[in-house]
Structure formats: C-alpha cells, structure tokens
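The values are calculated or read from the model by the stated rules, or taken from the named source; none is laboratory data. Nothing here was measured: the structure is a model prediction, and the numbers come from that model. Using ideal geometry, Cβ is built from the backbone for each residue, glycine included, and neighbour counts are taken over all protein chains shown. These accessible areas exclude ligands, DNA and RNA; they are computed on the full protein's heavy atoms, side chains included. Shrake-Rupley method; radii C 1.70, N 1.55, O 1.52, S 1.80 Å.
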Amino acid sequence: MDFNLTQEQSQFADALRRWVEKDYNFEQRKQIIASAAGVSQPAWEALAELGALALPIPEAQGGFSGSAIDMLVIMQELGRGLVIEPYFATVMAAEFLKLAGQNDHLLEQVATGELQMAAALNEKQARHELFKIATSASQTADGFVINGVKTVVLHGAQAGQLIVSARSSGAQRDTDGISLFVLDANAAGISRREYRTIDGYRAADITFNQVQLPPSALLGMQGAGWPLLEAGCDYGVTLLCAEAIGVMEAIFAATLDYLKTRQQFGVPIGKFQVLQHRMAEMFMELEQARSMATLAAVKLSSDDPEERRRTVSAAKARIGQAARYIGQQAVQLHGGMGVTDELPAAHMFKRLTMIELSLGDTDHHLARFIAQPGFKAAA
C-alpha cells in the first residue's frame, strides 16, 4: 500500500498551511482565545471556502466524500497551527449522521459552513466509558423526552445541532438500551454553561430538562445505538490522533529551533550531545506515532468492527505515550520558558494533554485493546 500523499492531498495541506501562517498565526490565535466568542467567524468561513468542511461530507449532500486519510491530512495541519475553531466537534458529530444515513439536510448545511455541531456524549460519572449513561430518553405518544446532563461538550455552546446519547432502557452500564438523537441546541428545556478549557478551546456543560423530541430525532433504531456510538467515537479518536501528529511536529520543530538559537558557554545548546540524544528520541517517538495514526485511518473503514476497535485503540494508546514524552521533553528543553504562555510550545503541550484526555486516555485504550477477542489468541 502506498502511504505517500496524493497530489490533491498535498495541495490541500499546503493551502491550509498557508492560511494558518497568514491569517491564523500565534498572536491572532491568542486574540481569538481572549475574545468573548472564543472562536472566529472569519476563520470558520475560511475553512468552508477552502473546502475543509465539505471534505468529509458525501457528494450527494454537496461534499467531496473524503476518506479518513484525507481527514488525516486536514487534522495534521489544524494541529500544527493549533486551530481552535469547532471543526473537530462539527465533523465528528456529522459522522453520526453519515453512519445513520439520516438528516441529509443537516449534512448539506455542514458542507457549506452554515451549521456547526457538537457531540454531547460525556457524563460526569462515566469518565471514559461512553456506555455509562444516566441521561434518559422516555418514549411518549409524540416522540421522546430527554432528561439529564452532559459534561465537557467540546464547542457545545457554539453548536446549532447536538448529537446526544441517552438511555431508553437497561441499566446504567449496559450497552443495550442506548439511543442516539440529533436535536436543535436551542430547543426548549436545554441550558448550556460555557467555559474555557486549559488549551484555549471552549466547552460546555449541557442540561436537558424535559426536552421534547419528535420521532425523527432518533438516529438508527431505538435502544440499539451502541454500535453507532462506538463507530462514531472511533472516527473521532482517529481525527484526534491525526491532530496530535500535527501538534507534535510543531512542538518538535519549535524545540529544534530553540536549541539552535539558545546559547550557553558561547555555543548553541544544540551542540551538546545529551540534548541531541533527546531530540533523536523525540523524533523516533514522533515517527512511530505517525505510523499508528496512518494505520488507524486506513483501518477505520474496515468491515470487521473488532479490527477497527483494536487498531484505533492501539493508535490512541501509542500516540498518547508519544505525546507525553515529546511534550515533557520539549518543555524541559525550553527551560522555564517552556511553561509560559508567551511561547507556542506551552500551548502545544496543553493541547496534547487535552487530546490525551479526550475520548479515552492511554490507560483506557490499552484496556480496550486487551479486551478485544483477538488479543488472547495472538498472545
């Protein structure tokens, strides 16, 4: 299999990189973070104009039917530029609509940039177990009623539509009885409390109080939403892995530049052999992580759910380990400046930390990998 980028993918990456350098540099990003909105409407419009929003959307809904490898290219560039716009939240939520084969009109709005979305899946008692759901979905004569609270919903306050997981039957930890819904984020009974996360992103806790939904809000079959939820989250994990590669590339390059310019005893500190060894180890970690991110993108569309789960979890675990090592070494090599907001490296390290905690940390995915039926047979 040829893992080299196609000409179209390379051109897409170059266009995104030029946009980041020109219109989304470090100083502009800090201004966006400090703004009341926390995101930039001109940046969102630019992403739509570049085709980034249309790329993952099927052609039938006005998109380009981009593959996971195509998305890997985009997420790497957004990670390298530390772009904090609600791109990941929107395309991950849109994936649930694609998997369910419903709500084509919403996918069309995503492709044009008209609609931003978010996936409200986390709950305070669940940690990384997305099947541990207390939010309830009670069926009524007119549809469903949703009650519960979702926490740390990335860009939940910016979204116009939400994907929500709720329990329509079964116990709190059962995978049976889970249903997924798409609903208007401004519907009656919904309240959102927004806040800033440590990496500059915006998130929200969302409360659902007797939210009335029509039958058309249900994605897939009632009570049988776990396979859809798991597949959609694996897609999100794969995107996060790709973003982490971009962030690690950027923090590696920033550290290398610092070692070439920072002088001690009259020479650049990059001349010291022990620091050269550290950079070599960081590079090896980055290359191993890159390989796993690519493998996850390739296997995401596998017809075998076990193969998809195994590969995606292996990638998230390996990339989590690499991100921790590269981030910590970069901060140490920058000295005290490595933890100050004045340097991009500190922001990159914070973003890597949040990626590690999103959709399952390293320990969670190692446990998930080991739990796959093929693991014992291979061992």
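Table for the structure above
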read-out: Only one of ALA296, ALA346, ALA330 that is among the aliphatic types (A, V, I, L, M) and closer than 19 Å to GLY236 by Cβ; value: ALA296
read-out: Those residues of region 38-56 which are in contact (Cβ under 8 Å) with a residue 60 or more places away in the chain and part of a loop (DSSP other than H, G, I, E, B), in sequence order; value: GLY38, VAL39, LEU53
read-out: Enumeration of residues in region 167-191 that are without any contact (Cβ under 8 Å) to a residue 40 or more places away in the chain and among the aliphatic types (A, V, I, L, M); value: ALA171, LEU183, ALA187, ALA188, ILE190
read-out: Matching residues in region 347-365 - criterion: being in a helix (DSSP H, G or I) and either touching a Gly at 6+ places or on another chain (Cβ under 6 Å) or among the charged types (D, E, K, R) (or both); value: PHE349, LYS350, ARG351, LEU352, GLU356, THR362, ASP363
read-out: Lone qualifier among GLN222, GLN273, GLN263 - being in contact (Cβ under 8 Å) with a residue 40 or more places away in the chain and of a type in the set (S, T, N, Q); value: GLN222
read-out: Qualifying residue in region 126-135 (condition: open to solvent by less than 10 Å² (accessible area, probe 1.4 Å), over 20 Å from the mean Cα position of the chain (by Cα), within 26 Å of ALA367 (Cβ to Cβ) and in contact (Cβ under 8 Å) with a residue 40 or more places away in the chain); value: yes
read-out: Residues being over 23 Å from SER40 (Cβ atoms) and among the small types (Gly, Ala, Ser) - total across region 81-119; value: 2
read-out: Only one of ARG368, ARG308, ARG318, ARG324 that is part of a helix (DSSP H, G or I) and crowded, with 22+ Cβ neighbours inside 10 Å; value: ARG318
read-out: ASP184 vs. criteria modelled with pLDDT under 95 and out of contact with any Leu (no Cβ under 7 Å at 6 or more places or on another chain); value: no
read-out: Qualifying residue in region 70-92 (condition: on the phi > 0 side of the Ramachandran plot and surrounded by 22 or more Cβ atoms within 10 Å (Cβ to Cβ)); value: yes
